[in-house]
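These notes concern the structure reproduced below.
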Amino acid sequence: MSDNERPIAVFDLDGTLADTAPDLIAALNAVLTEEDVPPLGVAEARDLIGAGARSLIQRGLQVAGHATIDDARLERMFRSFLAHYGEHLNDHTTLFPGVTESLDRFADAGWILAVCTNKYENHSLQLLDLLGIADRFTAICGRDTFPYFKPDPRHLTLTIERAGGSPRQAIMVGDSQTDIKTARAAGIPVVAVPFGYSDIPVAELAPDRLINHFDDLWTAAVEITGYGQKQPKTTLS
């Protein structure tokens, strides 16, 4: 089977593959503290994640009661955030249960795997490497990989192209309204997980499938695409 005949699964990163909230919020609180703004609790800030670093900072300031911010101050905080986060990518970040086994199952069945995230590419590559799963993906594309980023559908379709797949044989796996909008705009089926970072429950956003654990992703993908009706070489225990 050639690459353009193989199905492809494209994953979001933050809130989908990994629980990155503790380290992202620590970086946010570091820059808030630098600006004499009180830090936020993890529960308070968790659903602010998902639209990129600048949006996280703006949302964090709004929650802290600072509704407006000038461009120069935002840029200064953004650069500080990137520097802090880059030094603490994996202090407390963990893969969600079942991720590694699920990725292996898809790979064994011949699927192409890729990542399409609004995290910057260098941070994405470094973090996935630290988590021990970078080598499972044919392409890892971040916010700055292309001139477009989610929810622009070209971020997703260009990721698929870079990985050697076809949008006609693809699914997207994500945790937020941004992921669902991106997939919908690209005409690609989307599977959502409810344990990530979304200010709107993803069940209300009508994904093609909603799974509560990565153990359920294989069945959802087969139901959507029809690929892999035969069991892969290895199965989850």
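The values are calculated or read from the model by the stated rules, or taken from the named source; none is laboratory data. Fair warning: this is a prediction, and the values are worked out from it, not measured in the lab. For neighbour counting, all protein chains shown are included, and Cβ atoms are generated from backbone atoms with ideal geometry for every residue, glycine included. What goes into the accessible areas is simple: the full protein's heavy atoms, side chains included, and nothing from ligands, DNA or RNA. Shrake-Rupley method; radii C 1.70, N 1.55, O 1.52, S 1.80 Å.
With label points built 7 Å along Cα→Cβ from the Cα atoms of Q126 and Y148, find their separation and express it in nm.
For the pair Q126/Y148, the computed spacing is 2.9 nm.
Amide H neighbours of L210 under 5 Å, counting only residues 5+ apart in sequence or on other chains, H built in-plane at 1.01 Å?
A192
Quick one: Karplus J couplings for segment 73-88, per residue in order, coefficients 6.51, -1.76, 1.60, θ = phi - 60°, nearest Hz, x for Gly and Pro?
Result, rounded to whole Hz: 5, 4, 5, 4, 5, 4, 5, 5, 4, 4, 5, 5, 5, x, 8, 9.
Round to a whole number: what % of the accessible area of the chain belongs to carbon and sulfur, probe 1.4 Å?
Reported share for carbon and sulfur atoms: 48 percent.
Report the full-extension gain for the segment T68 to H88: residue separation times 0.36 nm, less the Cα-Cα distance, to one decimal in nm.
My answer for the length gained is 4.4 nm.
I'd like the FRET efficiency for D135 and R79, computed as 1/(1 + (r/R0)^6) with the beta carbon distance as r and R0 of 45 Å, rounded to 0.05.
E(calc), rounded to 0.05, equals 0.90.
Rounded to the nearest 0.05, what FRET efficiency do A185 and E35 have when you use their Cβ-Cβ distance and R0 = 30 Å?
Values: r = 35 Å, r/R0 = 1.17.
Calculated transfer efficiency: 0.30.
In debye, nearest 20: dipole of segment 151-211 around its Cα centre with unit charges on the Cβ of K, R (+) and D, E (-)?
On the way: 6 positive and 7 negative charges, 53 e Å.
In debye, rounded to 20, segment 151-211 gives about 260.
Would you pull out the residues with amide H under 5 Å of V173's amide H, same chain only if 5 or more places away, H placed 1.01 Å from N?
For V173, the qualifying residues are V10, F11, D12, V191.
At 1.4 Å probe radius, can you tell me the per residue accessible area of the chain in Å²?
I get 44 Å² per residue for the chain.
Does segment 118-237 classify as rounded, prolate or oblate by the C-alpha gyration tensor (a ≥ b ≥ c root eigenvalues; a/c under 1.5 gives rounded; else a/b over b/c gives prolate, otherwise oblate)? Mind showing how you got there, number by number?
Working: a/c = 1.35, a/b = 1.16, b/c = 1.17.
The shape class here is rounded.
Going by a ≥ b ≥ c, the root eigenvalues of the Cα gyration tensor, does segment 1-75 fall in the rounded group (a/c under 1.5), the prolate group (a/b larger than b/c) or the oblate group?
In terms of gyration-tensor shape, prolate.
Which residue, L158, V202, L95, has the largest displacement toward the positive end of the dipole of the chain when charges sit on each Cβ (Lys, Arg +1; Asp, Glu -1)?
L158
Tabulate in residue order the Karplus-calculated ³J(HN,Hα) for segment 140-156, using 6.51 cos²θ - 1.76 cosθ + 1.60 with θ = phi - 60°, rounded to whole Hz; enter x for Gly and Pro.
Listing the rounded values in order: 10, 10, x, 4, 9, 5, 10, x, 10, 9, 3, x, 5, x, 5, 4, 6 Hz.
Which whole-Hz couplings ³J(HN,Hα) result when phi for each residue of segment 20-26 is put into the Karplus expression 6.51 cos²θ - 1.76 cosθ + 1.60, θ = phi - 60°, listed in order with x for Gly and Pro?
8, 3, x, 7, 5, 5, 4
Using the Cα centre as the reference, give the magnitude of the dipole from point charges on the C-beta atoms of segment 1-106 (Lys, Arg: +1; Asp, Glu: -1; all else neutral), rounded to the nearest 20 debye.
Details: 8 positive and 18 negative charges, 33 e Å.
That gives a dipole near 160 debye.
Can you list residues from other chains, or at least 5 along the same chain, whose modelled amide H is less than 5 Å from the amide H of I112?
I8, A9
Nearest-5 percent of antiparallel DSSP beta bridges in the chain?
Close to 10 percent.
I need the shape label for segment 172-230. Rule: rounded when a/c is under 1.5, else prolate if a/b > b/c, else oblate, with a, b, c from the alpha carbon gyration tensor.
It is oblate, given that a/c is not under 1.5 and a/b is not larger than b/c.
Do me a favour and compute the ellipsoid semi-axes for the chain from its Cα gyration tensor, root of five times each eigenvalue, largest one first, whole Å.
Ellipsoid semi-axes (Å, largest first): 32, 17, 16.
Counting trypsin sites (Lys or Arg not before Pro) as exposed when in a DSSP loop with at most 11 other beta carbons within 10 Å, what is the longest stretch of the chain free of them?
With trypsin sites (Lys or Arg not before Pro) excluded where exposed in loops, the chain gives 1-229 as its longest stretch.
Calculate the length of the line joining the C-alpha centroid of segment 71-127 to that of segment 27-64, in whole Å.
Taking the Cα centre of each part, segment 71-127 and segment 27-64 sit 18 Å apart.
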